[in-house]
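The values are calculated or read from the model by the stated rules, or taken from the named source; none is laboratory data. Because the structure is predicted, anything quoted here is derived from the model rather than measured. Don't worry about glycine lacking a Cβ; one is built from the backbone with ideal geometry, like all the others, and counts go over all protein chains shown. Only protein heavy atoms, including side chains, enter the accessible area calculation; ligands, DNA and RNA are left aside. Shrake-Rupley method; radii C 1.70, N 1.55, O 1.52, S 1.80 Å.
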Amino acid sequence: IFMLTEGGAGRILCSIPALEHYALTHDNFHIITHSDIKSNFFVGNPILEKHTHNMDDEDLFTNIVKDGEVIKLEPYFRSEYFNQECSLAQAFDLEINGKHSIGNKTPKIYFNPSENTKSKNFIEALKHEYKKDKVLVLQPFGQSAQVFPDGIFDECNRSFVTENIITIVSRLRKDYIILFMGTLRLNISNVINGVNINDNSIIYLDATLRDWAGYIKFADHFLGCDSVGQHLAKSVNQKATVVIGATYPINNSYPNDDKFTVFDIGKEQRVFNPMRITF
């Protein structure tokens, strides 16, 4: 029984390739995770959906857990990971399969035809409404970003700086409809240096991660930080530009992928943070 209950959604999404490989030779196993994780990532997966359970399923302990062996997956504990010798997906592979089995295989989210049609029509309708040919999904803030009285800051140094977001939006708004991915909202006035950034520039949406994966799939590009959005882009084979600060691209992004452009702006300054190992 594999427990996938800790960490961000992107981290859990990266476990999928290793679990799929495990399923090729094992049938009697179970995956337990949060209900939103199952509905966003595992539903529709032809290999793993039947093995996946929500933590709040009725009688889960009595029917499944009690007679099994529980394995809590923790890829951050792998020496290959904290020595920058493998990606997050590959660290899960070592945890689950005991060896390098998946190569460079990355997660995939499976959509049914109606989901694809809905996402595609949504993007096309935006282009028609705003009379622009391109849609960009922008995720500038990671999970650790917080709202303070004087702005939005990320003590983990994974997120964009607000001033840089304004500059980027001001430049890209001429050509792109910008879908802002995330629950935080820019805490800035409408007009910055004479540019009305809310004038057909940023569209805020309340959507599930599965919805976002669909929008990213049919958009024209993804731009973001080290957070779940880049993993969604990878899972739907979308072109992406990712800016990395405090984390290592080999661990948390896709620096060797032709569809990914990774800007490593923390390269000369960062020191590895042994998260969950020491404090």
_Could you derive backbone 3J(HN,Hα) for the range 246-254 from the dihedral phi with the Karplus parameters 6.51, -1.76 and 1.60 (θ = phi - 60°), listing whole Hz in sequence and x where the residue is Gly or Pro?_
7, 9, 9, x, 5, 7, 10, 9, 9
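Let me check I've understood the local charge: for Ala91, count other residues with C-beta under 11 angstrom from its C-beta, Lys and Arg +1, Asp and Glu -1. What total comes out?
-3
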*What does the convex hull of the Cα atoms come to per residue for the range 10-111, in Å³?*
103 Å³
*Accessible area, 1.4 Å probe, largest first: how do Tyr254, Tyr204 sort?*
Tyr204, Tyr254
*Suppose every K and R has +1 on its Cβ and every D and E has -1 on its Cβ; what is the size of the dipole of the range 44-117 about the Cα centre, in Debye to the nearest 20?*
360 debye
*FRET efficiency for Lys134 and Glu49, Cβ-Cβ distance as r, R0 = 30 Å, nearest 0.05?*
0.35
*Compare the peptides 162-172, 265-275 by average per-residue count of other Cβ atoms within 10 angstrom and give them in order, highest first.*
162-172, 265-275
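Which order do the peptides 125-131, 66-72 take when ranked by the mean count of other beta-carbon atoms within 10 Å per residue, highest first?
Ranked by mean Cβ neighbours within 10 Å, highest first: 125-131, 66-72.
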*Take the alpha carbon atoms of the range 263-279, find their center, do the same for the range 1-55, and report the distance between the two centers in whole angstrom.*
28 Å
*Which whole-number value in Å² is the accessible area per residue of the range 119-189, probe 1.4 Å?*
57 Å²
_Helix 88-97 against the longest principal axis of the chain: what's the angle in degrees, Cα atoms only, rounded to the nearest 10?_
10 degrees
*Quick one: which of Lys134/Lys267; Lys38/Lys99; Lys134/Lys259; Lys174/Lys259; Lys127/Lys217; Lys134/Lys217 span more than 21 angstrom between C-alpha atoms?*
Lys134/Lys267; Lys38/Lys99; Lys174/Lys259
_Distance between the C-alpha centers of the range 199-230 and the range 109-123? Whole Å please._
14 Å
*Amide H partners (placed H, <5 Å) of Thr241, local residues excluded*: Phe222, Leu223, Gly224, Thr261
*asked:* Using the Karplus curve 6.51 cos²θ - 1.76 cosθ + 1.60 with θ = phi - 60°, what ³J(HN,Hα) values do you get for each residue of the range 212-226, in whole Hz, with x for Gly and Pro?
replied: 4, 4, x, 5, 4, 4, 9, 6, 9, 6, 10, 10, x, 9, 6
*Compute the signed sum of charges (Lys and Arg +1, Asp and Glu -1) over the other residues within less than 13 Å, Cβ to Cβ, of Asp36.*
0
*In whole percent, how big is the carbon plus sulfur part of the accessible area of the chain, probe 1.4 Å, protein atoms only?*
49 percent
_Karplus-derived 3J(HN,Hα), 6.51/-1.76/1.60, for each residue of the range 109-116, Hz, glycine and proline x_ = 9, 9, 10, 7, x, 5, 5, 4
_Isotropic mean projected area of the C-alpha convex hull, the chain (nm²)_ = 16.4 nm²
*Amide H partners (placed H, <5 Å) of Leu73, local residues excluded*: Met3
